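J.: Take this structure first; my questions come after.
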Amino acid sequence: MKKNTFTLILLLLVGLIAGTLIGQLLSAYSVLAFLTRSVELSWQPKADLLVIRYYLDFHIRLNLISIAGLAAGFWTFRKL
């Protein structure tokens, strides 16, 4: 498979989503609370240019499991 930016972004997104899903499944266990504690990052760019106005709203919730998923996606990309 050819390594390119699209493949990297796709694998990172798959790893992030898989990590988040695993974190949601593990949140029921109080012993693993340190792995599933989330931090929310948000970015809200907006502009009013009189001709066009836009408001974007990006939110990311990260926990240790989702970061491990990102690392697994990057590791998979490196192994291709």
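Bear in mind these aren't lab numbers, they're just calculated from the coordinates by the rules spelled out. These numbers come from a predicted model, not from an experiment. As a convention, Cβ positions derive from the backbone with ideal geometry for all residues, glycine included, and neighbour counts pool all protein chains shown.
J.: What number of residues within the stretch 47-73 satisfy the criterion of being over 30 Å from Tyr29 (Cα atoms) and out of contact with any strand residue (DSSP E or B) (no Cβ under 9 Å at 6 or more places or on another chain)?
T.: 4
J.: So which residues in the stretch 41-80 are of a type in the set (D, E, K, R) and over 26 Å from Thr5 (Cα atoms), if there are any at all? Talk me through it step by step, then tell me what you get.
T.: Step one: list which residues in the stretch 41-80 are of a type in the set (D, E, K, R), which gives 46, 48, 53, 57, 61, 78-79.
Scanning the stretch 41-80 gives Lys46, Asp48, Arg53.
J.: Please go through the stretch 30-49 and give me each residue that is β-branched (Val, Ile, Thr) and either in a helix (DSSP H, G or I) or in contact with a Gly (Cβ under 8 Å, 6 or more places away or on another chain) (or both), ordered by number.
T.: Answer for the stretch 30-49, where residues must be β-branched (Val, Ile, Thr) and either in a helix (DSSP H, G or I) or in contact with a Gly (Cβ under 8 Å, 6 or more places away or on another chain) (or both): Val31, Thr36.
J.: Moving on. Any residue that is assigned to a helix (DSSP H, G or I), surrounded by 15 or more Cβ atoms within 10 Å (Cβ to Cβ) and touching a strand residue (DSSP E or B) at 6+ places or on another chain (Cβ under 9 Å) - is there at least one of those in the stretch 7-14?
T.: no
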